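Below: the structure, in C-alpha cells.
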Amino acid sequence: MKATERCLVTAVPSRLTMLTRDLVFVLAMNTVIAVSLNYGFQTGGSLWHNFVYSQLIGLSIWTLIDIPRVLIWWSEPPRRVPFMLLAAAAVPLGVLAGTWATRAVLDLPPKSDTEIGGMLRMCLVVGMLGAASMIYFYWSREKLAYLQRQAALDALQREEAEKQLVRAQLMALQAQIEPHFLFNSLANLDGLIATDPQAARRLLQRLIGFLRMSLAHTRAEQCTLRQEFELLRSYLDIQALRFGSRLSYRIDLPPELAEVEIPPMLIQPLVENAVSHGIEPSMEGGTISLSARALRPDAVEVVIADTGVGLGHGHGNGNGKGSGLGLTHVRERLARIFGALAAMQMEENTPHGLIIRLTLPIAQKPAAPAPAPAGCAAAPAPHGAPDSAIAVPAVSRS
C-alpha cells in the first residue's frame, strides 16, 4: 500500500498545484472573453471595463464552483448530475456578485432600466462562457487525473508481476537443487546408520538445519551475505560428510561486508555447480573457496572457486548443458534485479578448476545493523562461536 501511495503521489499533482493551475486557466479564459466581448460581440464600453467585468464575474463563478467542488469531492471526479446543478446555481449567483463587485471597483454611476437589462445580458453571456469553459476544463482535468492514476496502478501491477515471476523462478530453481542434494544426503545417511551412527546423527542434524534455513531464504526478498554464507556453510558441511577427504572448503567473509543485502539463494546454485560438476567428477576431489571482497564503495565481489575438473570436463557453460541451467537462472536473476549494475564472469582456475566472480551493487548502507527481514531468519552462529558474532570468519574444512 505504501508503494501504491508513493506512485500515485508522484503521478498525480497535489490539490494546491491543481488549484493554482485552475486559477491561471480562469484568468486566461476571462481575458479571452473580455477581448471577444469588446471586439467580437461589440457590447459597448472600453476594453478595460470589459476586462474588469470578465475577471470579476469569472472569478466569482469559479469561486462558487471550485470551493464547493473541493469541499464535497476533494480529489475524486465530481458526479455528473450534482456538479451540473452546482454549476447552474453558481452561474447566476456569480453574475450578480461579479456585477456588484465591478460597479464597486469601477465606481460606475446608476444606470437606467434599459442599460441594466443590456448589462445583465452581457453578464449572462460572460457567465455562460466562463461556466462552459470551466466545466469543460474540470471534466478534462479530472479525466486526465483518473488516467494518470490508472497508469500508475498499471505500472505497480506490472512491477508486482515481475516480482512474482522472480519468486517463481527462485522456487523452480530451489525445486531443481534440493531433490538431487536431498536424495544423495538421505542415501548417504542410510549407509552411515549401519556403519557410523554418530556420523549419521551429525549429518541428520546438519541436514535439518540446512533445510530450515533454506526454507526461510526462499520466503524472503532480501538476505545478508552473512546469512547466505551460513546457509552455504551448512550445505558444504553436509557435502563434506558425503565426500569425506575428497572435499575441503574455505569460507571468508570480511566483517564489514556481513550485512550487505543480496537476493536470497543467489550464490547457492554456483556452489552446488562447483560440487556436482567440479568436485564430484574428479577422482582426487578438490577444494571449494567462497569469499567476498569490496570492489568499490557501491559494489561487492563474491568469488566461488574450485579445484575440480574445470570447464569442458564437468562444469556447465551457461548455455543449458549440464549445470548450465542453474547458471542461466543466476544470470537471468541478476539481469532482472540489478540490470547492468551486476555481472557474472567465469574463468579457468590454475592449474585446474573454475572461478566464478559475481559483481553485485551494494544498497544504501544503514547507520546501524538492521534486524533480519521477515521470513529470513538469522542464521545460527557456528558451534563454539559467541552469539554476538555477526560475520562469518575465514574457516576451512579439510
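For segment 97-105, does any single residue satisfy the condition of being loosely packed, with under 12 Cβ neighbours inside 10 Å and modelled with pLDDT of 70 or more? Within segment 97-105, one or more residues are loosely packed, with under 12 Cβ neighbours inside 10 Å and modelled with pLDDT of 70 or more.
Looking for something under 37 Å from the mean Cα position of the chain (by Cα), under 21 Å from Met344 (Cα atoms) and open to solvent by less than 10 Å² (accessible area, probe 1.4 Å) - is there at least one such residue anywhere in segment 293-300? Don't jump to the end; show me each part of the working.
Initial filter on segment 293-300 (under 37 Å from the mean Cα position of the chain (by Cα)): 293-300.
Narrowing the set further to residues that are under 21 Å from Met344 (Cα atoms) leaves 293-300.
Within this subset, residues satisfying the condition of being open to solvent by less than 10 Å² (accessible area, probe 1.4 Å) are 299-300.
The answer is yes, given that some residue of segment 293-300 is under 37 Å from the mean Cα position of the chain (by Cα), under 21 Å from Met344 (Cα atoms) and open to solvent by less than 10 Å² (accessible area, probe 1.4 Å).
From the list Glu221, Glu230, Glu259, the lone residue that is buried (at least 18 other Cβ atoms within 10 Å of the Cβ), farther than 17 Å from Ala274 by Cβ and out of contact with any strand residue (DSSP E or B) (no Cβ under 8 Å at 6 or more places or on another chain) is Glu230.
When you check Leu165 against the structure, is it in a helix (DSSP H, G or I), open to solvent by 30 Å² or more (accessible area, probe 1.4 Å) and modelled with pLDDT of 75 or more, yes or no? Let's see the steps before the verdict.
Working: in a helix (DSSP H, G or I): yes; open to solvent by 30 Å² or more (accessible area, probe 1.4 Å): yes; modelled with pLDDT of 75 or more: no.
For Leu165, the condition - in a helix (DSSP H, G or I), open to solvent by 30 Å² or more (accessible area, probe 1.4 Å) and modelled with pLDDT of 75 or more - is not met.
For segment 219-229, indicate whether the set of residues that are hydrophobic (A, V, I, L, M, F, W, C) and modelled with pLDDT under 90 is non-empty. Yes. Taking the criterion of being hydroxyl-bearing (Ser, Thr, Tyr) and within 21 Å of Ala363 (Cα to Cα), the only residue of segment 263-295 that qualifies is Ser291. With the requirement that a residue be among the hydrophobic types (A, V, I, L, M, F, W, C), open to solvent by 40 Å² or more (accessible area, probe 1.4 Å) and at pLDDT below 85, what does segment 176-207 give you? Of everything in segment 176-207, those that are among the hydrophobic types (A, V, I, L, M, F, W, C), open to solvent by 40 Å² or more (accessible area, probe 1.4 Å) and at pLDDT below 85 turn out to be Leu182, Phe183, Leu186, Ala187, Ala194.
The values are calculated or read from the model by the stated rules, or taken from the named source; none is laboratory data. Predicted model only: the values in this text are computed from it and were never measured. Ideal geometry is used to build each Cβ from the backbone, glycine not excepted, and the neighbour counts take in all protein chains shown. Surface accessibility is based on the protein's heavy atoms, side chains included, excluding ligands, DNA and RNA. Shrake-Rupley method; radii C 1.70, N 1.55, O 1.52, S 1.80 Å.
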